[in-house]
Structures are given as structure tokens and as C-alpha cells.
Amino acid sequence: MKKLVSLLLVIVALLTVLTACAQKDPTSENQITPLKIGVLSGTTGMGAAKLVNDIKAGGEEISKYYASIDTYTDPSTLLSDIISGKVDIAALPTNAAATLFNKSKGNAQVVAINTLGVLYVLDSSGSVKSLSDLSGKTVYVATPGQTPEYIFKHIIEKNNIENVTISYDYTDLDSLTSAVATGAVEIALLPEPKVTIAQTTAANNGIANLAVAIDLTEEWSKVEDTVLTQGCVVARKETVDNNNAALEKFLADYEASISYITDKNNIDAAADAIAASGIIPKAPIAKKALPKCNITFIAGEEMKAALSSFLKVLYDMDKTAVGGNLPTDDFYYISK
């Protein structure tokens, strides 16, 4: 009897150890924790539109991997929520992701690039056809000290364009978009979908000559060896380490969502999905803006090469643009 009791105790001990090991295994089927996801309204969030609507529709498979997905209008609120743990995965501007990595002491990793360049110079005067035409002109830029300004200044400097005045009279994108659409401002730097909104509103106001004069993504490629990378997706380090199966599921679903949204054959359905998700309020605006939004999915080593080069440019211009330090290699999530 004593031997039997001893054997049973050994078996119980082994089962306890095996159970503990299974609980520590981040790929264990039983350890999947449904994800809380945050995306920004506008271009950075557009690629997630199909996934947003799929998650909201629910279902057994969806509820297994996803707890919620919310659309934010303010990047700082989304940053706060991912730091606090209210959000596990977030779509953010790339420099905000680098800042998050630095401020959280490494508790965030970038898992994919989702948006390339989305910046354009709009002109209603008809006098701007190239970068050189900006000499002697005033260009209005919203939100000073952020990525659009750095990108614009870098391109201007690399092309030796002098005597360009940058005005910050309009301190947010909505007010600048409105000023361009009403003719109060002739030349401005705007991202999509604000470009499309400005042009659509201007046409309704009888201003038919508001044109995209310069594509900054094209101009960037002329002065740098890498692509312009403005949007990305980050995950909390805890999610990467302890909920990896859910993260990998998300990446597969997110890539599929982007493929759907960027397929030209789906443009009407994609625009409807974007509007239904609340990322852009009106489907016609989404449809017109989509071709100029450069939505993409880049992960792994290709992501690391492109994003690290872009962040280095920002860092050399102003260290605070990326949170004070260039992110180290462990900022970049490389799927195993």
C-alpha cells in the first residue's frame, strides 16, 4: 500500500509539473487570451477595416482570438491605452511606435509596417509643378514638430531648395484642411485622406483647381535608398512573449484584411468596409483616397530594414522625434 501511495504521489507530482509547463508555453492552445486591438482613424487604420468588421460581427473563431477592436481619433489616447494594458496591439505612426518603445523601456515591439508615404503638397495657385517651384513660397503645415514636417524639411534640404517659408498658423489637420478647401490657403502639406476631403470640399465650393502638386513618397525615394514608412503595428512585449499564438493569428488575419482592402477589384466593397468600421466616415471619400494611401503589409527582416533606415533619418534631424534614442534590435519582432 505504501508503495502504491508513493507511486500515486509521484504521478501527481509529474502531472503538476507538466501542467505548469503547458501553462508557460505561449503557443499552448489553452493559453490563447483574446486580444484587445486599437486602430487610428485615417490612413493608418484603413488596412484593418475588414478585420474590424469581422471582429464586430463576432463568431466562435473570432471570439477565441479577439476581445475587442476600437477606433481612436487621438494617437496620444491610444498610446496611453497600450502603455496601461487596455490595448494589446495598436496601429500607430512609426515615430510614435519608436517613442513608445523608448518611453515604455522596451515594452513594445513593432510587428508590421502597414502604411508607406501618405503626404502630398496641395496647390490651388497653379504655380507649383515641382519642388523647385516652392522657392519663395509659403507652405502651410499643421502639427509642427511631428513626422510630416520632418519629412518635408528633409526632402527640401536634400534638394537644396532655399527660401521656403513654413507656416504653422493652422495647428491641426482639420483646420488646415478647411482653410485649403475654402481658398484661404493656397499651398499646404496634407496627408490622405485629408487631401481627398480638401479636394472634394473645394470642388463643392467652386474651387476646381486644387491639385496634388508634389507626392512626397516619390520625392523621398529620390533622395533615400529606402521607402517612406509612416504607419505600423505594435504589440505589447507581454503579448509577444505570452500570447504568441494569438499574435500570429492576428498577423495572418491583418495581412488578409490588407490584401482585401488594397485589391482593386474590391474597391467599392473596401470603401464600404472602411466607412462601416468608422475609420473614415464616408465611403466615397475612402474610395477616392484609397489609391493614394499606400497601404501595405511588410513584416520580418524587410520591415526591420525599411523602418530602421527611416527612423535613423528622423533621429538625425531631431532625437525627440523617436523618443530620444534609436530603437535597439529588440524593437523589431521577427516571427520564428
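Out of the range 76-95, which residues are crowded, with 21+ Cβ neighbours inside 10 Å and in a helix (DSSP H, G or I)?
Of everything in the range 76-95, those that are crowded, with 21+ Cβ neighbours inside 10 Å and in a helix (DSSP H, G or I) turn out to be 78, 79, 82, 94, 95.
Can you tell me which residue is nearest to residue 96 (Cα to Cα) among those in the range 57-75 that are out of contact with any helix residue (DSSP H, G or I) (no Cβ under 8 Å at 6 or more places or on another chain) and outside any loop (DSSP other than H, G, I, E, B)?
Filtering first and then ranking leaves 70.
Which numbered condition in (1) among the hydroxyl-bearing types (Ser, Thr, Tyr); (2) closer than 26 Å to residue 148 by Cβ; (3) touching a Ser or Thr at 6+ places or on another chain (Cβ under 9 Å); (4) outside any loop (DSSP other than H, G, I, E, B) is the only one that residue 217 fails?
(3)
In this structure, does residue 45 turn out to be outside any helix (DSSP H, G or I) and either modelled with pLDDT of 95 or more or not polar (S, T, N, Q) (or both)?
no
Of (1) open to solvent by less than 30 Å² (accessible area, probe 1.4 Å); (2) of a type in the set (A, V, I, L, M); (3) outside any strand (DSSP E or B), residue 252 satisfies all except one. Which?
(1)
Within the set of pairs 6 or more residues apart or between chains, which connect a residue that is touching a residue at least 12 places away in the same chain (Cβ under 8 Å) and farther than 12 Å from residue 190 by Cβ inside the range 164-175 to a residue that is in a helix (DSSP H, G or I) and not basic (Lys, Arg) with Cβ atoms less than 8 Å apart?
Cβ pairs passing all conditions: 164/134; 164/156; 166/149; 166/152.
Can you give me the number of residues within the range 272-298 that are assigned to a helix (DSSP H, G or I), surrounded by fewer than 24 Cβ atoms within 10 Å (Cβ to Cβ) and β-branched (Val, Ile, Thr)?
Qualifying residue count, the range 272-298: 1.
Looking at residue 306 and the list (1) crowded, with 18+ Cβ neighbours inside 10 Å; (2) not in a helix (DSSP H, G or I), which single condition is not satisfied?
Tallying (1) crowded, with 18+ Cβ neighbours inside 10 Å; (2) not in a helix (DSSP H, G or I), residue 306 fails exactly one: (2).
The values are calculated or read from the model by the stated rules, or taken from the named source; none is laboratory data. This structure is a prediction, so every number in the text was calculated from the model and none was measured. We place every Cβ from the backbone using ideal geometry, glycine too, and count neighbours over all the protein chains shown. When the accessible area is computed, the model is the full protein with side chains, heavy atoms only, and any ligands, DNA or RNA have been set aside. Shrake-Rupley method; radii C 1.70, N 1.55, O 1.52, S 1.80 Å.
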